[in-house]
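The values are calculated or read from the model by the stated rules, or taken from the named source; none is laboratory data. From a predicted model like this one, the values you see are computed outputs, not experimental measurements. Here the Cβ positions follow ideal geometry from the backbone for every residue, glycine too, while neighbour counts run over all protein chains shown. Note: accessible area is taken over every heavy atom of the protein model, side chains too, but ligands, DNA and RNA are not part of it. Shrake-Rupley method; radii C 1.70, N 1.55, O 1.52, S 1.80 Å.
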Amino acid sequence: MCSRPVLGALLYALAAIAQAQSLPSELQEAAEQLPPAVREQLHQRNARVSAMSPAQREEFHKRIAAWNALLPAQQGERRDARHAWEALSLSERAQLIEAARRYAAMPAAEQQALRQRFDHLDGSERRGWLLGPALGAEWPRLQPLLAQVPGAERASLLETLHAMTPAQRANLAVLIQRTPPQQRDVLRQGLLSTPAAGRDAWLQTQMDR
């Protein structure tokens, strides 16, 4: 099995050897040890880089250099933002694009005032807005359910929360506040195991307890 450092070297090599038509022999040998799906991803990326024009390759190298210059924490923030964007629905993406357009059209002083307001928010609340307009606004009430969620369940939980109606999330927020911290895992598992069609009934049953 290929180790994580070797895999990282392979991925970086796709940018570092953009002029080449294939991976160097030592990296090619390491690539052959990767799972087929990962190996195919490497070849596809290498093909895209090789097909770039000289100007595109130069710009690509600049982006790679800028990324490598970031601190690990900054890279983590960028990854989180990308993953959060990919998880949004098309309608929420459209809302954010429109909000960005309005922000860009504001006078510099208004932009700075909004930026300062955002920077003064609690760090947890700022991260909550990565979840989009709907969940971002409801983050303070939903955060206790997400705070200790195992990594393997986080995507499923976010998908469920995005799919819920505002009324359902409001009821869930009440349940979260009523549920002791040590029992929130049970609440989360119940939510995730309930089909969408039965979610209203499940929430009402929990509320009536």
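One table, with the values for the structure above:
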read-out	value
Accessible area per residue in Å² at 1.4 Å probe, computed on the range 77-128	79 Å²
Centre separation in Å (Cα based) which lies between the range 187-201 and the range 116-134	28 Å
Descending Cα extents along the principal axes, the range 95-209, whole Å	52, 28, 27
Residues of the range 156-190 with amide N under 18 Å of the 7 Å Cα→Cβ point at ASP208	168, 171-172, 175
In nm, spacing of pseudo-spin labels at ALA104 and GLU125 (7 Å Cα→C-beta vector)	2.8 nm
Most to least packed among 198-205, 130-137 [average Cβ atoms within 10 Å]	130-137, 198-205
Sequence ranges 90-99, 44-53, ranked by mean other-Cβ count within 10 angstrom, highest first	44-53, 90-99
